[in-house]
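The values are calculated or read from the model by the stated rules, or taken from the named source; none is laboratory data. All values reported here derive from a predicted model rather than from experimental measurement. Note that we place each Cβ from the backbone using ideal geometry, even for glycine, and neighbour counts take in every protein chain shown. Ligands, DNA and RNA are stripped out before the accessible areas are found, and what is left, the full protein with its side chains, is counted by its heavy atoms. Shrake-Rupley method; radii C 1.70, N 1.55, O 1.52, S 1.80 Å.
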Amino acid sequence: MCLFKKKAPKGKALIFSAPSGSGKSTIVHHILDIYPDMEFSVSATSRQPRGEEKDGVDYYFLTEEEFRSRIAENGFVEHEEVYPGRFYGTLKSEIKRIWDAGHVVIFDVDVKGGVNLKKYFGKDALSVFIQAPSVEVLRERLVKRGTDSPEDIEKRVAKASEEMTYAPQFDHILINDDLQKAFDEAEALVNHFLSK
Ligand code: ADP
Ligand code: 5GP
């Protein structure tokens, strides 16, 4: 009989954070396309699905009550009320699922979540803050994306300047101006981190 408990597999983590509209999802999807051993951490949220979003793929869509009961069960590594009444969080079960499969976990989370995840994973994580060249460019990108109401766009833009103050707490700040250059820089950072 084995007296030792089987140790949970521990893997690496990549954390991408930014004010909404900076291009974080675009960069995360690019990284996922080129690295087969990477897997996106599907967050839980209490917001409604938008567009073509699917439960279990884009998010685990929970009601606010379901979300609160997962908090009470200590089911989250981190969670934030990113916008008033809209909760987002990383489930412990999600990280276990990805690491059990031998994959590197990749996060697309808000800036506070990014800082908290980096504290949690320490040197096993690379944290990258994505920044648009200016708040005006950020607003233009959100308008062009066409997924949010004008009120939601204003809420996101209003939050951006406070969110920028978190940038120095990340391992790297990546300015997303020319998209190809941003892809190249993100790849270089990831390659360096994974080769350590
Ligand atoms: P986030 O995930 O940070 O909210 P997205 O990745 O959804 O941002 O990007 C916001 C919008 O800006 C999208 O429509 C995307 O195609 C566009 N975008 C992203 N990066 C650039 C870039 N470097 N130049 C121009 N448009 C961009
Ligand atoms: P959206 O509503 O645009 O999908 O996401 C809004 C914000 O919530 C984005 O900044 C996104 O990165 C963030 N977010 C998504 N999942 C999580 C999560 O698990 N934790 C935290 N803290 N933020 C998240």
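Structure data summary
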quantity	calculated
Linear extension gain, Asp37 paired with Asp55, 0.36 nm per residue minus alpha-carbon span	4.2 nm
Local net charge near Phe183, Cβ-Cβ under 14 Å (Lys/Arg +1, Asp/Glu -1)	-4
Those GluC sites (Glu not before Pro) in the stretch 69-98 that DSSP places in a loop and that have at most 14 other beta carbons within 10 Å	Glu73
Per-residue SASA entry for His103, accessible area with 1.4 Å probe, Å² rounded to 10	50
Cβ-derived FRET efficiency at R0 25 Å, Ala188 paired with Glu140, nearest 0.05	0.40
Kyte-Doolittle mean at least -0.5 and Cα axial length at least 20 Å: DSSP H helices in the chain	179-195
Rounded percent of accessible protein surface that carbon and sulfur make up, the chain, 1.4 Å probe	54
Built amide H within the under 5 Å cut-off of Asn176, gap 5+	Gln131, Ala132
Accessible area of the chain divided out per residue, in Å², using a probe of 1.4 angstrom	55
